[in-house]
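Novice: Quick one: structure below, then a few questions.
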Amino acid sequence: MDRCDAACSRQIEYLPGHFERIRHLRKKYACPHCETNGDHPRIEAAAKPEAAIEKGLAGPGLLAYIVTSRFSDYLPLYRLEDIFARQGFEISRATQSVWCGDVADAAAPLYELMAERVRAAHVVATDDTIMPMLSKDKTANARMWVYVGDDDSPYNVFDFTLNRGRDGPKYFLKDYRQVPLADAYGGYNGVVAGNEITRAACWAHYPDSGVIRRGTSAGLPPPGLTVMIS
């Protein structure tokens, strides 16, 4: 039979990730003339490739996968340990944890730049949530704070503190002089006290935050507090 046409069909497939051992070969060179004449013989070699972790075995792709899986996909490190084992590599959760810390150190300049951009925003929205933290005797309730910039500074920056004290937002916003948008948590009072900051309350928290109770009999917010719809 002669072919007259072709039927086309499509299928979506997934190609799992895989490990690769990358071998870097750096050739060494010696000067025969210098070696023969005893004129300061020396050996030269090409520079080592830059690594995300100095003297570390993990490549940037592996580090990015671990960090993304842990902090964006919320996959515990012990599960990643099992996934890697199925692929023939034993990478303990302890090693992965150290690598996560190394990545955080490497990304610290980028974090500081993002925090600077957020503090340059006209309005910075902030809130906190409980972050369970392992301690010696029991799990402690630490805090994770988020600071969200406006349209001109579209960054979300997180800041970790051991407790919900006012020192957390007071330190992060120490040079900020515009409009923080937050709930009625009293810790923000220390941020706005004695400076030109205009504190704003989000509309969602306003009715239940106690702001009305602290206001006038007409139900208005106290002096110096601006209510913004968020």
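The values are calculated or read from the model by the stated rules, or taken from the named source; none is laboratory data. Since we're looking at a predicted model, the values are computed, not measured. Quick reminder, even Gly has a Cβ in these numbers, built from the backbone with ideal geometry, and neighbours come from all protein chains shown.
Novice: Would you mind telling me which numbered condition in (1) under 24 Å from residue 18 (Cβ atoms); (2) touching a Cys at 6+ places or on another chain (Cβ under 9 Å) residue 125 fails?
Specialist: Result: residue 125 passes all but (1).
Novice: So, one more: Regarding region 94-116, can at least one residue be identified that is without any contact (Cβ under 8 Å) to a residue 40 or more places away in the chain, outside the structural domain of residue 185 (by TED's automatic domain parsing), of a type outside the set (S, T, N, Q) and in contact with a Leu (Cβ under 6 Å, 6 or more places away or on another chain)?
Specialist: There is no residue in region 94-116 that is without any contact (Cβ under 8 Å) to a residue 40 or more places away in the chain, outside the structural domain of residue 185 (by TED's automatic domain parsing), of a type outside the set (S, T, N, Q) and in contact with a Leu (Cβ under 6 Å, 6 or more places away or on another chain).
Novice: Moving on to the next point. For residues in region 28-42 being loosely packed, with under 13 Cβ neighbours inside 10 Å and in contact with a helix residue (DSSP H, G or I) (Cβ under 9 Å, 6 or more places away or on another chain), which is modelled with the highest pLDDT?
Specialist: Only one residue fits best here, namely 42.
Novice: Here's something else I'd like to know. Do any helices (runs of 4 or more DSSP H) entirely within region 47-156 hold 2 or more residues that are more than 21 Å from residue 170 (Cβ to Cβ) and of a type in the set (D, E, K, R), and if so, which?
Specialist: 77-86, 93-119
Novice: Which one is nearest to residue 182 (Cα to Cα), of the residues in region 110-137 that are of a type in the set (Asp, Glu) and in contact with a Phe, Trp or Tyr (Cβ under 8 Å, 6 or more places away or on another chain)?
Specialist: 127
Novice: Filter region 60-93 for residues that are under 19 Å from the mean Cα position of the chain (by Cα) and small (Gly, Ala, Ser); which is nearest to residue 21 (Cα to Cα)?
Specialist: Step by step, filter region 60-93, then rank; the result is 61.
Novice: Kindly establish whether residue 150 is within 18 Å of residue 201 (Cα to Cα) and at pLDDT below 95.
Specialist: Against the criterion (within 18 Å of residue 201 (Cα to Cα) and at pLDDT below 95), residue 150 qualifies.
Novice: Could you list, in sequence order, the residues of region 46-90 that are within 30 Å of residue 27 (Cβ to Cβ), surrounded by 15 or more Cβ atoms within 10 Å (Cβ to Cβ) and either without any contact (Cβ under 8 Å) to a residue 12 or more places away in the chain or of a type in the set (A, V, I, L, M) (or both)? Steps first, please.
Specialist: Taking region 46-90 and keeping what is within 30 Å of residue 27 (Cβ to Cβ), we get 46-64, 89.
Still in the running and surrounded by 15 or more Cβ atoms within 10 Å (Cβ to Cβ): 52-53, 58-59, 62-63.
Answer for region 46-90, where residues must be within 30 Å of residue 27 (Cβ to Cβ), surrounded by 15 or more Cβ atoms within 10 Å (Cβ to Cβ) and either without any contact (Cβ under 8 Å) to a residue 12 or more places away in the chain or of a type in the set (A, V, I, L, M) (or both): 52, 53, 58, 62, 63.
Novice: List pairs: first in region 1-29 and closer than 26 Å to residue 83 by Cβ, second hydrophobic (A, V, I, L, M, F, W, C) and outside any loop (DSSP other than H, G, I, E, B), Cβ under 9 Å, 6+ apart or cross-chain?
Specialist: 19/62; 19/84
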